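Here the structure is laid out as structure tokens; the discussion comes afterwards.
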2 protein chains.
Amino acid sequence: MNKIRKKLHFNAFVMNTVSHIHHGQWRRPDAKQSEFNDVNLWIELAKLLEAAKFDAIFFADVTGLYGDADSEFDIYAKEGLQIPSNDPIVLLSALAAHTKDIGLALTSNILQSHPFHFARQLSTLDHISNGRVGWNIVTGVQDNGSRNFGLGQLTDHTERYEWAEEYVNVTYKLWEGSWDEGAVLKDRINGIYSDPSNIHKIHHRGNRYSVEGPHLSSPSPQRTPVLFQAGSSESGRKFAAKNAEAVFIAAPSPEVAATQIAETRRLARDLGRNPEDLKFFQGLSFIIGDTSEEAVAKSKEYDRYVSVDGYLAHTAIVDKNGRVYDRNTPIKDIETNTVRGALELVSKYITDREPTIADLVYLRTHNPHTCIVGTAEQIADKIEEWQEAGIDGINVVNWVIPGSFEEFADEILPVLRTRGLAQSEYVSGSFREKIFGSAFLNERHPAARYRGAFRGHDKLRG
Amino acid sequence: MNKIRKKLHFNAFVMNTVSHIHHGQWRRPDAKQSEFNDVNLWIELAKLLEAAKFDAIFFADVTGLYGDADSEFDIYAKEGLQIPSNDPIVLLSALAAHTKDIGLALTSNILQSHPFHFARQLSTLDHISNGRVGWNIVTGVQDNGSRNFGLGQLTDHTERYEWAEEYVNVTYKLWEGSWDEGAVLKDRINGIYSDPSNIHKIHHRGNRYSVEGPHLSSPSPQRTPVLFQAGSSESGRKFAAKNAEAVFIAAPSPEVAATQIAETRRLARDLGRNPEDLKFFQGLSFIIGDTSEEAVAKSKEYDRYVSVDGYLAHTAIVDKNGRVYDRNTPIKDIETNTVRGALELVSKYITDREPTIADLVYLRTHNPHTCIVGTAEQIADKIEEWQEAGIDGINVVNWVIPGSFEEFADEILPVLRTRGLAQSEYVSGSFREKIFGSAFLNERHPAARYRGAFRGHDKLRG
């Protein structure tokens, strides 16, 4: 216990919906996520998290039904499985106006919003929150999400990441290059609000977008929001290594996490960044008791609410008519890539018989590495194992809202604090300053090349 | 004074920017609009307006520079003339979380946001605000706005309104037709959050959009937000007559307003709506004094801050290099449609010589019908003239924020209340209930035809 420990970052990993990750739990009497339309649920949660010094509250999002086949989406509607769900940008602004320090992060898909409009919405939110915004850049969507935006079929991984590269470049140009530092003068005597010689059109012309500029918002405290990414495909990892400041991972064990982290850090170094420019957040859930026995008993009580169908539908383990498979179906009989990846994992735990899809769900709620059950001290020990594997932060995944976060705040964080693993006070400054110690993206980030890049470009003046 | 008077509606007509309508006033020592990036300015203003029982706060918006020619936008930057400016949807959510009754309205252009995404953002805001959202449907943009969204040249009026028709129809389908009443069950016992048989895909296929659905948000208190429109072209008036519940006008006199209102009401009747389905809001500014003399003196003091260049640039009265014309240029020598319309107006007031563009600006700040200067009683008399011409509400256009609204609240509204022209308390319910007495769009509105229209449409099930 004499190791010098670095503080971990803690992120509440939620979604503006009923059933985000742990399906069926909304039915518990103490679960308030069914009231997600009520902004007060989220304001109270954000205040609770801020009082507990969580680094951020993060809202996942979708652009359509998580899965569906043809016209069938019964299971998603019944489970409240990411439908109904509301927009996270709009919600976060309300939370910004009721908090002061906590980071406010959101998913936005390149599909859903034109980059000129999106960049301005995020600049607005960064102004309102005084520099607390993070953006999880998402490129993948379910087919229904694609069809909501007029695309018949999803483009392939590589093509999507090329699209994403152009998308982020448009936003980087607007955030970093369009307004120089010092452009805003507010000079009442001479009647000059902004100095036009320090504001630039970006004249972007690419495969998908043509954007003239200038950016309509003046520079917000962070300019570019803190950039998150969660891609796990090869193109996705490359994109993260190039663009992300923080990477979400969902490794089944610390060992797997260590491998993933090393690989992405290596890719980042190859791209001219420092491996430490990236921070890794692992998703974990917790069930805490005063004794091990109490925690296990509580875990069994949560089991009563587990919706096997919900987990299967979330993994899109449905047949071509959108029906959930019988839970005794052997995993090997199911023809999806998602499931084939899962088989490898389940086979580590189920060795005495052919694993079924019910085993897969069991593992999603009982993998001892990711669904940690125990006393606060036991949980802290497990968290240390993750830290030793190289993670920088934890996405705390709830069973119930707000209960799971209340317990984490009241029982787990105090123990982590005594071990030097959790902050007691916020660092001052923007979200990026709190996490990375600097106000702006560093010079190694690809967005940095647009700083000053458009000076003179629009000075064809008389 | 024995007439029975109807209460007027009052709308604070602002924009998330420095200089919205009355250019140059941001330089006044008491003007806080230069701090528009600070959400607290707007939270305090919204609270002030709510305490004064204003019906709504409305945020105008742009998609690009109000005017520019080639690379020249010096005048806009210097004047803070709608640049920098921030997104109104994001701001309104913060205001929603700090108010209870006031309506929250915004401009959104069909150009800037895909209708599937936009519909969800507004549903989210309508949930957060408990049914207080209004949308001003805008189709026209400046050329720079068009080029920010990848369109080289603006489509013509007629084409834009066809586009707008498709756009609003997609949103109507999502808001009115995708989720039936009663679809959300929150049935914890049987594990059914929503009843899938009451949720429908919309399968929209049109010239510009292909949107499958279902809408991701469950029905918000108003479903469709209160619909505003401000179009003045022939296609614009038709569009308003068909779709709007409230119409913004900027008539130079009550007589002109009466004609415009009668014409739009007649168009609405021809389209199967009741003429009274539409309410008309006239934009007016006020300078108040304890005596007429004091008001006139105050008006002269505001004159000191008027930026003639700002008004000219706002009207896009700039030459083809983006330079503001000399203020003594005769209006007749300038080749823009905007100015030709203005000439007719100015000629009513300037009859002894050739009107110049400086006269035009003078009229914009001194037209006694629209920039009303006087005591509270004199101002109330003028407001009665507008009401007799048929207006239902007033867009209060500020000189300074928050001073112009403070004065209106503290000095003008009390007089209007004694005359029965302003409410003392809010009506309960949503924005639409407060203004129109009904929760949802009435049966005569074109959106009503989508209610129940998709039932069975997606029931090709086994």
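Okay, residues lined up against (1) within 15 Å of the chain's Cα centre (by Cα); (2) modelled with pLDDT of 95 or more:
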position: A:Thr224; (1), (2): no, yes
position: A:Gly231; (1), (2): yes, no
position: A:Lys242; (1), (2): no, yes
position: A:Ala246; (1), (2): yes, yes
position: A:Ala251; (1), (2): yes, no
position: A:Val256; (1), (2): no, no
position: A:Thr264; (1), (2): no, yes
Subset of the range A:193-217 that is among the polar types (S, T, N, Q) and part of a loop (DSSP other than H, G, I, E, B) - its residue that is nearest to B:Asp143 (Cα to Cα): A:Ser217
I'm checking my understanding of the structure. Among residues of the range B:235-275 that are hydroxyl-bearing (Ser, Thr, Tyr) and under 15 Å from B:Gln387 (Cα atoms), which one is surrounded by the most Cβ atoms within 10 Å (Cβ to Cβ)? B:Ser253
Within the set of pairs 6+ apart or on separate chains, which have a first residue in the range A:88-102 that is free of Cβ contacts under 8 Å to residues at least 12 places away in the same chain and at negative phi, a second that is assigned to a loop (DSSP other than H, G, I, E, B) and surrounded by 24 or more Cβ atoms within 10 Å (Cβ to Cβ), and C-beta atoms under 9 Å apart? A:Val90/A:Asn16
Filter the range B:83-105 for residues that are open to solvent by 10 Å² or more (accessible area, probe 1.4 Å) and more than 7 Å from chain A (Cβ to nearest Cβ) and give the result. B:Thr99, B:Lys100, B:Asp101
The condition of being open to solvent by 20 Å² or more (accessible area, probe 1.4 Å) and either within 30 Å of B:Glu301 (Cβ to Cβ) or not in a strand (DSSP E or B) (or both) holds, among B:Ser220, B:Ser285, B:Ser232, only for B:Ser232
A:Gly150 fails exactly one of the following numbered conditions: (1) within 14 Å of chain B (Cβ to nearest Cβ); (2) touching a residue at least 24 places away in the same chain (Cβ under 8 Å); (3) outside any helix (DSSP H, G or I). What is the number of that condition? (2)
Can you confirm whether the range B:453-461 contains a residue that is more than 14 Å from every other protein chain (Cβ to nearest Cβ) and either open to solvent by less than 60 Å² (accessible area, probe 1.4 Å) or modelled with pLDDT of 95 or more (or both)? yes
Can you tell me which residue among A:Tyr161, A:Tyr172 is more than 25 Å from B:Ile89 (Cα to Cα), more than 10 Å from chain B (Cβ to nearest Cβ) and in a helix (DSSP H, G or I)? A:Tyr161
May I ask you to list pairs of residues, at least six apart or on different chains, whose Cβ atoms are under 8 Å apart, with the first in the range B:28-44 being surrounded by fewer than 18 Cβ atoms within 10 Å (Cβ to Cβ) and the second being of a type in the set (D, E, K, R)? B:Pro29/A:Arg188; B:Leu41/B:Lys32; B:Leu41/B:Glu35
Can you say whether A:Thr264 is in a helix (DSSP H, G or I), more than 14 Å from every other protein chain (Cβ to nearest Cβ) and touching a residue at least 12 places away in the same chain (Cβ under 8 Å), as far as the supplied structure shows? yes
So, of the residues in the range A:3-16 that are more than 9 Å from chain B (Cβ to nearest Cβ) and of a type outside the set (A, V, I, L, M), which turns out to be farthest from the chain's Cα centre (by Cα)? A:Lys3
Inspect the range B:32-42 for any residue being within 26 Å of B:Asp143 (Cα to Cα), of a type in the set (A, V, I, L, M, F, W, C) and touching a helix residue (DSSP H, G or I) at 6+ places or on another chain (Cβ under 6 Å) and give the result as yes or no. no
Taking the range B:288-311 as the search range and keeping residues that are within 14 Å of another protein chain (Cβ to nearest Cβ) and touching a strand residue (DSSP E or B) at 6+ places or on another chain (Cβ under 7 Å), which one is surrounded by the most Cβ atoms within 10 Å (Cβ to Cβ)? B:Gly310
Within the group A:Glu425, A:Glu385, A:Glu407, which residue is touching a strand residue (DSSP E or B) at 6+ places or on another chain (Cβ under 8 Å) and open to solvent by 20 Å² or more (accessible area, probe 1.4 Å)? A:Glu407
Any residue at all in the range B:123-135 that's within 17 Å of B:Ser430 (Cβ to Cβ), touching a helix residue (DSSP H, G or I) at 6+ places or on another chain (Cβ under 6 Å), assigned to a helix (DSSP H, G or I) and open to solvent by 10 Å² or more (accessible area, probe 1.4 Å)? yes
If A:Leu65 meets every condition in (1) at pLDDT below 95; (2) in contact with a strand residue (DSSP E or B) (Cβ under 9 Å, 6 or more places away or on another chain); (3) more than 30 Å from A:Tyr325 (Cα to Cα) apart from one, which number is that one? (3)
How many residues of the range B:173-210 are within 17 Å of A:Asn37 (Cβ to Cβ) and basic (Lys, Arg)? The answer is 2
Restricting the range A:188-202 to residues that are at the interface with chain B (Cβ under 8 Å from one of its Cβ atoms) and under 15 Å from A:Leu216 (Cα atoms), the one most open to solvent (accessible area, probe 1.4 Å) turns out to be A:Asp195
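The values are calculated or read from the model by the stated rules, or taken from the named source; none is laboratory data. None of the values given here were measured: they were computed from a predicted structure. Positions of Cβ are generated from backbone atoms using ideal geometry, with glycine treated the same way; all protein chains shown enter the neighbour counts. For accessibility, only protein heavy atoms count, side chains too; no ligands or nucleic acids. Shrake-Rupley method; radii C 1.70, N 1.55, O 1.52, S 1.80 Å.
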